[in-house]
1. For every other residue with a beta carbon closer than 10 angstrom to the beta carbon of Cys106, add +1 if it is Lys or Arg and -1 if Asp or Glu, then tell me the sum.
2. Let me have the relative contact order for the chain, percent, based on Cα pairs under 8 Å that are six or more residues apart.
3. Could you check which residue among Lys60, Lys116, Lys26 shows the biggest mean-square fluctuation in a GNM of the chain with a 10 Å Cα cutoff?
4. I'd like the carbon and sulfur percentage of the solvent accessible area for the chain, probe radius 1.4 Å, heavy atoms only, ligands and nucleic acids excluded.
5. Pop out the ³J(HN,Hα) list for the range 7-21 in order, Karplus 6.51 cos²θ - 1.76 cosθ + 1.60 with θ = phi - 60°, rounded to Hz; leave Gly and Pro as x.
6. What residues have an amide H closer than 5 Å to that of Glu97, excluding those fewer than 5 places away on the same chain, when H is modeled at 1.01 Å from N in the peptide plane?
7. Just the accessible area per residue of the range 70-172, please: how many Å² with a 1.4 Å probe?
8. If you rank Ile29, Ile22 by how much accessible surface each has, with a 1.4 Å probe, what is the order from largest down?
Amino acid sequence: MIAKPFSPGNAFPATDVARERITFDKALIGSCTNGSYDDLLSAALVIRAARERGATRAAKAFVVFPGSGGVSRQIEQPDARLGGESIAAVFQSVGGEVRQSWCGPCFGQGPDALEKGERAITSFNRNWQNRMGLGGEGYLASPAVVAASALLGYMAPPDELGLSWNAEDFGV
């Protein structure tokens with residue numbers, strides 16, 4: 001599902017939204033919502049599978065905010081489900097940036113806040129008007145959908161990358 005502005009309830013199947021080819025300026029994963037180890041792992045598994053199919057770089061700015069300092073330290077450790085890579089290394093391998101855990105971008109503060117006319121696909125929990133920055137548009141999705149979108153450059157689920165997405169298949 002992808003929730004369009006300006007309500008989490010304005011949600012549509014991600015495959016339907018993919019047909020619209022909605023582009024964005026930033027892909028943002030994490031914060032207090034969808035920033036747990038398992039949330040970030042699901043996104044990293046999508047990226048790793050997409051790399052195996054030839055995806056090499058995020059098409060747009062791609063930023064990850066672990067949900068806490070503890071999660072930030074955990075994602076630096078190797079994970080067997082990622083072939084021994086760490087979650088952070090997988091994100092960085094496609095140009096993703098891992099930032100400190102904080103609330104700023106979710107409520108329109110700091111360098112990652114949306115500016116007027118900017119659009120983002122995020123795994124945050126709210127997308128009310130001006131929530132992520134004055135004049136910005138926030139779309140909401142799962143970490144896996146945000147990761148797939150970051151690689152594609154438009155909002156879409158992992159199957160747009162040729163991946164059959166089933167969380168159990170990916171070990172989460």
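1. Details: positive: Arg126, Arg131; negative: Asp112.
Here the count lands on +1.
2. On the way: 406 pairs, mean separation 55.7, N = 172.
Relative contact order here is 32 percent.
3. Per the Cα network of the chain with a 10 Å cutoff, Lys116 tops the list.
4. Numbers: 3530 of 7540 Å².
Carbon and sulfur together cover 47 percent of it.
5. Each residue's phi maps through the Karplus curve to give 7, x, x, 8, 9, 9, x, 4, 5, 5, 5, 4, 5, 7, 6 Hz.
6. Sorted by chain and number, the residues that satisfy this are Phe62, Val63, Val64.
7. On the way: 4620 Å² over 103 residues.
Ligands and nucleic acids excluded, the result is 45 Å² per residue.
8. Working: Ile29 0, Ile22 20 Å².
Largest accessible area first, the residues go Ile22, Ile29.
The values are calculated or read from the model by the stated rules, or taken from the named source; none is laboratory data. Since we're looking at a predicted model, the values are computed, not measured. Quick reminder, even Gly has a Cβ in these numbers, built from the backbone with ideal geometry, and neighbours come from all protein chains shown. Accessible surface areas use protein heavy atoms only, side chains included; no ligands, DNA or RNA. Shrake-Rupley method; radii C 1.70, N 1.55, O 1.52, S 1.80 Å.
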